[in-house]
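Colleague: This structure is in structure tokens; I'll ask about it shortly.
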Amino acid sequence: MNLSTLRKDIPAGLVVFLVALPLCLGIAQASGLPPFVGLLTGVIGGLVVTTFSPSKFAVSGPAAGLVTIVTGAIETLGSFSALLLALIIAGVLQFLLGAVRAGRFITLVPGTVIKGMLAAIGILLIIQQIPVAFGAGEENEVDGLAIAGAFSVSISAIVVSGAGLLILWAWGTRAVKKSRVLGWIPGPLVAVLFGCMATVLGDRLFPELVSHLPRISLPAFDSLQALTGELQTPNWAAWQNPAVYMVAVTLAIVASLETLLSQEALKKLRPQNPPPSPDKEMRAQGIGNLVSGFLGGLPITAVIVRSSVNVSAGAQSKISILIHGVLLLVCGLYFSNLLNAIPLASLAAVLLYTGYKLATPRLFVEHARHGAQQLVPFLATIGGILVFGMLAGIGIGLVTQVLFSIYKSHHNALMLTRYDDHYVLRFQQNLTFMHNPRLKGLLAEIPENSVVIVDHDNAEYLDPDVKAVLKDFGEGASQRGIVLNQWPV
């Protein structure tokens, strides 16, 4: 722990806390559980996982990508307490995966898929936060205008979120970055403080308008005893249910995959030297989920959204993440009333800006410039995640990239070059039966009365089926007046 980093880590921890708080509460609500469960999970992720994690910037906590798994598991197992037992088993499995160094296989995931995952998360973030920025759910005659009956537009929410976006844009300009005073303060924190000021002053000057501005709603806990009284315990008797183990395996695989992909994506946003070990990260996540299962929390993963906010806020070490975990705990216990002054529109502005940076148009342009082999898997990953979900979308991106790589590999394995009546057939790599269609097509291009030279120095192995094709061509070459030179069979 380097105390010299506190100047930047404290504001970054505040920003991450302000972003993580509504996400923790919202994910719990979306999972059909009390908001307190999400808050507890955020505390465990911020304190326990961070302590064992090798990453300086990865923020762990409840993940939106696991909401459907959690809700389905509760329905299948019949209770949340049975899910907690599955979560404990999943934590043990994650720790064992890290112990056998299974995390190294994450390097097999291509960069196009990782960048596509980032962009998809950014797009989803924007889609989810636009209604909040417009004051979703607020209906009133003075300040609201219904849109197609779906949600209402709140003028006060638009002003707060718009001002927040303007602040965030201004904080990214050179003028602010060069300022010693302004450059020290992270833009997201300024945007949130502006929203708080708007609600405090608005309550006094324009109560009718601000009263319809959605704000954070955090349940109050008077003491540590009241907090511990809310903790749920695992249903140990559920160990006899085979479905518990299926849910545990599913949680372990999906949570590990999302964590490691988030870690790879985070490397592109803020590199570390040396890079954090994926195996140590899996062990840290396993410990976190083990504790979360014991205390009554949700599944934990490293979350790229909160991690990217942490990086963009200027974090320099783990201190910022630990601060955010402590703040979640302290504020949940003692300062819930103060937090209720934060408008959701301010947080929506921070998340909208983060989503834009994850899915910036420049990223699409760069992939387009690199051709279809980069662009198609990138777009396939994004489309798959948006339509089918995180895990399925990543799988679609991987399959697309593999197919493109196989095509390119096979297409470039054989090359035919013409020099007058001489043809040079180059074998760039070892050939298998899968190269036969390409080989036959190139051989068919060679006209009669030609000289064919075969360069096969780079091919140490030729499949018997490939040799059969070459043998057939060689047997008929003399009848066509073709002279063979360095023929491999």
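Colleague: Which of the following values of Cα extents along the principal axes in Å was calculated from the structure shown: (i) 71, 52, 43; (ii) 99, 58, 52; (iii) 89, 59, 46?
Modeller: Working out Cα extents along the principal axes in Å from the coordinates points to (ii).
Colleague: If you plug each phi of region 290-295 into the Karplus form 6.51 cos²θ - 1.76 cosθ + 1.60 with θ = phi - 60°, what whole-Hz ³J(HN,Hα) values come out, in order, with x for Gly and Pro?
Modeller: Using θ = phi - 60°, the values come out as 5, 5, 4, x, 5, 8 Hz.
Colleague: Along the charge dipole of the chain, Cβ charges K/R +1 and D/E -1, which of Gly286, Ala58, Cys24 sits furthest on the positive end?
Modeller: Farthest along the dipole direction, towards plus: Ala58.
Colleague: Here is a follow-up. Under 5 Å between amide hydrogens, which residues at least 5 positions from Ser154 or on another chain qualify, with H placed 1.01 Å from N in the peptide plane?
Modeller: Gly135
Colleague: Okay, next question. Mind ranking Glu75, Glu281, Glu475 by accessible surface for me, highest first, 1.4 Å probe?
Modeller: Largest to smallest exposure gives the sequence Glu75, Glu475, Glu281.
Colleague: Not counting the cut sites, what is the longest span of the chain without trypsin sites (Lys or Arg not before Pro) that DSSP labels loop and that have at most 16 other Cβ atoms within 10 Å?
Modeller: By the stated rule (loop sites, at most 16 other Cβ atoms within 10 Å), 181-489.
Colleague: List every residue whose amide H lies under 5 Å from the amide H of Val483, counting only residues 5 or more places away in sequence or on a different chain, with H placed 1.01 Å from N in the peptide plane.
Modeller: Those lying under 5 Å, H to H, from Val483 are Ser450, Val451, Val452.
Colleague: On to the next question. At 1.4 Å probe size, put His367, His410 in order of accessible surface, largest to smallest.
Modeller: His410, His367
Colleague: Another question about this same structure. Considering only protein heavy atoms, what per residue accessible area in square angstrom results for region 1-112 with a 1.4 angstrom probe?
Modeller: Solvent-accessible surface per residue comes out at 37 Å².
Colleague: For Met246, Met117, what's the largest-to-smallest order of accessible area, 1.4 Å probe?
Modeller: Met246, Met117
Colleague: Taking the alpha-carbon centroid of each part, what is the distance from region 354-421 to region 54-69 in angstrom?
Modeller: Between the Cα centre of region 354-421 and that of region 54-69, the gap is 26 Å.
Colleague: Follow-up question, since we're still on this one. Only four residue types carry charge here, +1 at the Cβ of Lys and Arg and -1 at the Cβ of Asp and Glu. Report the dipole size of the chain about the Cα centre in Debye, rounded to the nearest 20.
Modeller: In total the dipole reaches around 1420 debye.
Colleague: Relative to the first principal axis of the alpha-carbon coordinates of the chain, what is the inclination of helix 319-334, with its axis defined by its Cα atoms, in degrees from 0 to 90 and to the nearest 10?
Modeller: Here the helix axis deviates by roughly 40 degrees.
Colleague: Residue by residue through region 119-128, what is 3J(HN,Hα) from phi via Karplus (6.51 cos²θ - 1.76 cosθ + 1.60, θ = phi - 60°)? Round to whole Hz and write x for glycine and proline.
Modeller: Rounded to whole hertz, the list is 5, 5, 4, x, 5, 4, 4, 5, 4, 5.
Colleague: What's the carbon and sulfur percent of region 386-471's accessible surface, probe 1.4 angstrom, rounded to a whole number?
Modeller: Reported share for carbon and sulfur atoms: 58 percent.
Colleague: Here's something else I'd like to know. Lysine pairs in the chain with alpha-carbon atoms under 20 Å apart, 8 or more places apart or on different chains: how many are there?
Modeller: Lysine pairs, 8 or more places apart or on different chains, close enough: 23.
Colleague: Quick one: accessible surface of Cys331, probe radius 1.4 Å, all protein chains present, in square angstrom to the nearest 10.
Modeller: 20 Å²
Colleague: Could you point to the residue in Leu391, Gln401, Pro437 farthest towards the positive end of region 368-489's charge dipole, with +1 and -1 charges on the Cβ of Lys/Arg and Asp/Glu respectively?
Modeller: Positive-most Cα among the choices belongs to Leu391.
Colleague: Taking H as built 1.01 Å from N, whose amide H comes closer than 5 Å to the amide H of Met415, not counting residues under 5 places away?
Modeller: Those qualifying (amide H under 5 Å, at least 5 residues apart or on another chain) are Arg426, Gln428.
Colleague: In debye to the nearest 20, how big a dipole does region 234-324 give about its Cα centre with +1 on each Lys and Arg Cβ and -1 on each Asp and Glu Cβ?
Modeller: My answer is approximately 260 debye.
Colleague: At 1.4 Å probe size, what's the solvent-accessible area of Met415? Round to the nearest 10 Å².
Modeller: Only protein atoms counted, so the area is about 80 Å².
Colleague: Then there is this: Mind listing the phi-derived Karplus ³J(HN,Hα) values for region 261-277, rounded to whole Hz, using 6.51, -1.76 and 1.60 with θ = phi - 60°, and x for any glycine or proline?
Modeller: 5, 5, 5, 5, 5, 5, 4, 7, 8, 8, x, 10, 10, x, x, x, 6
The values are calculated or read from the model by the stated rules, or taken from the named source; none is laboratory data. Nothing here was measured: the structure is a model prediction, and the numbers come from that model. For neighbour counting, all protein chains shown are included, and Cβ atoms are generated from backbone atoms with ideal geometry for every residue, glycine included. Just so you know, the surface numbers come from the protein's heavy atoms only, side chains and all, with ligands and any DNA or RNA stripped out. Shrake-Rupley method; radii C 1.70, N 1.55, O 1.52, S 1.80 Å.
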